[in-house]
Amino acid sequence: MRCRVKPPRPGLLKACLLCSVLLIGLLVLRLAAPDAFSALLSGASLRSRLSAAFAFRPAGPVRAASDRLAESRTYYTLNDEHLDLHFGVVIDCGSSGSRLFVYAWPTHSGNEHQLLNIRPLAAPNGKRIVKKVTPGISDFAAKPSAAFDYLTPLLDFASSAVPRAKLVETPLYILCTAGMRLLPLASQEAILSNVRLGVKRSYSFLFSDTHAEVISGKQEGVYAWITTNFLLGRFSHSVGDGVGLVSYDGADGHLRKRTVGVIDMGGGSFQIAYEISPEAAAAVPSARDSIAEFNLGCRQSDAQHSHTLYVTTFLGYGANSARQRYEDTLLAAASAPATVVAVGNLTASNATRPARPLAPAPPLTMSPRIADPCLPPGLTVTRAGGALIGTGNFSQCMQRLLPLLGRERPCEQQPCSLLGRHQPPIDFVKTEFIGFSEYWYCMTDVLGMGGHYDYLSYRAAAARYCATGWDQLEKDYRDKKFPKADWHRLKRRSKRRLERSLRTLLKFKRFQCFKSAWILAVLHYGLRFPRNYRRFQSVSAIHGTEVQWTLGAILHRTRYFPLREVQRLELDRQRHRGRRSSSLASTYQYLLLLLSVLLVLLALFRLHRRLDLRRIPSGGYLG
């Protein structure tokens, strides 16, 4: 009898094959997705660990859906809990009062080229969280110890608006402007010292001594420029939205959006700010006081957010101050010698021969009546030196205003604007400008021409308004023919208060003709903007947000806040690269193991074939 070898059982062979396939699968998983492999071996929740391990991780910063949603918002509310909001508070201490603004922003994306997406904080109904107290903080110069108590209502309001858990990380800035600038330095410091001490003792805000200060007009102008361009999205650097691009470091491939210039015509002064090249700034050393260089990026070396501005303020050239100077000029010209009749030298028969006067009497002085082309016909404004009689001639009004611009001053370095000040060249073909305050009020409230500016259309509308009799204009105001003319200030008042407020409104609107001419004279004859310039527009808000310099202030002062998220993202990248490097070191070992498994499978397969052949009958007999 022939001895036969007993073949292995088929089940055992299949089990070996299955284990080999599973081992190969694990090796492939280890090489392709090491995070998933680690998750599989850990004791944590398999589903959650695998989901996290296979999550898409781009090389750049992740932009979540919440980030994109936040970017499109014009304000945030406390209901936006999914955005993980952070908060900041700014108090604008002006000459007539102090206003508090609360801002919010979601956690930064970690992209070092993105700014914090700061927006005003609002109630659920969309009303911005703002509070004001009067008078101005400069009124406490005689009693600086009361300055902190004066701000307490604002600080209490801010403490209640910001979630308690966020207070310790909420920066507070108390920035003082015009009124405080006029005080002696000793008075300024006395007021600020009292405020600083009180805030540190009584509140939990993120606050240091440098957070309470008097800012210059130059800083205020820079902040207003930042606000405007931020709300317009000019710092986002995305392309394809129709905004012109400009090189930011001289390299052709390094482009960012072209920024807009700002002209703010206030009552006492006006200001202009626009971006210039570093070369233009260096060309005129004498104008260094009007040059501001700053960086909005979280790293000082970030060229994408490095800006050089020309910003200057013309004190006394705001609309109200200019009107006062204009009236002084008219009265001074008319005061040369007044008409005097010596009544005591007349005789009874009014004869010219000497005679004894009937009775001694003082001289009788008659106040001059002065024609004023910058007032509507039929309107008389009485001043101490005479009566200004409106004639409503816009062309003559413009001619009377030109001498007030100081264009006769010597210009040391061309080109120059008002008062002989050097004004760096403006590319009027590409550069946009936005006008605020009186540029909006004059163009929109009465003339209804806010928005994009056209010289001929505006001049014609202003001339028609000036030529209209005051009686008719007053009737039109009362009939609300000018619905945007400050009527929002007159709503929800009693009939008596409404009438009193209307009289106040009419008092201010007496000078609408003058202001319409003044803003035109400043734009084209002072700043020398071409009459055919079509890239100027007037606004009061951008995308529903009122333009306040306080937004620019907090954007600039919190520019380093994103560093924490930027560094965290960089650390995650380094860890990821480290894991990949260590996995590559053992890749060859796994490849060798994989090759060994394949060889074992091949040997098993050949053994299985050989055994199958032995089981086939050969056809021989024993005997």
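General remarks:
- Sites residue 560 and residue 456, calculated FRET efficiency, Cβ-Cβ separation with R0 60 Å, nearest 0.05: 0.80
- FRET efficiency, 1/(1 + (r/R0)^6) with R0 41 Å, evaluated for residue 286 and residue 331 via beta carbons: 0.70
- Electrostatic bookkeeping for residue 201 treats Lys and Arg as +1 and Asp and Glu as -1; over the other residues with beta carbon under 15 Å from its beta carbon, the sum is -1.
- Theoretical FRET efficiency, 1/(1+(r/R0)^6), r = Cβ-Cβ of residue 295 and residue 213, R0 22 Å, to 0.05: 0.65
- Proxy reagent accessibility, fewest Cβ within 10 Å first, across 98, 321: 321, 98
- 11 Å cut-off, amide nitrogen to a point 7 angstrom out along residue 277 Cα→Cβ, residues in segment 300-333: none
Read the figures in this text as sums done on the coordinates, not as results from a lab. What you are looking at is a predicted structure, and each value in this text was computed from that prediction instead of being measured. Positions of Cβ are generated from backbone atoms using ideal geometry, with glycine treated the same way; all protein chains shown enter the neighbour counts.
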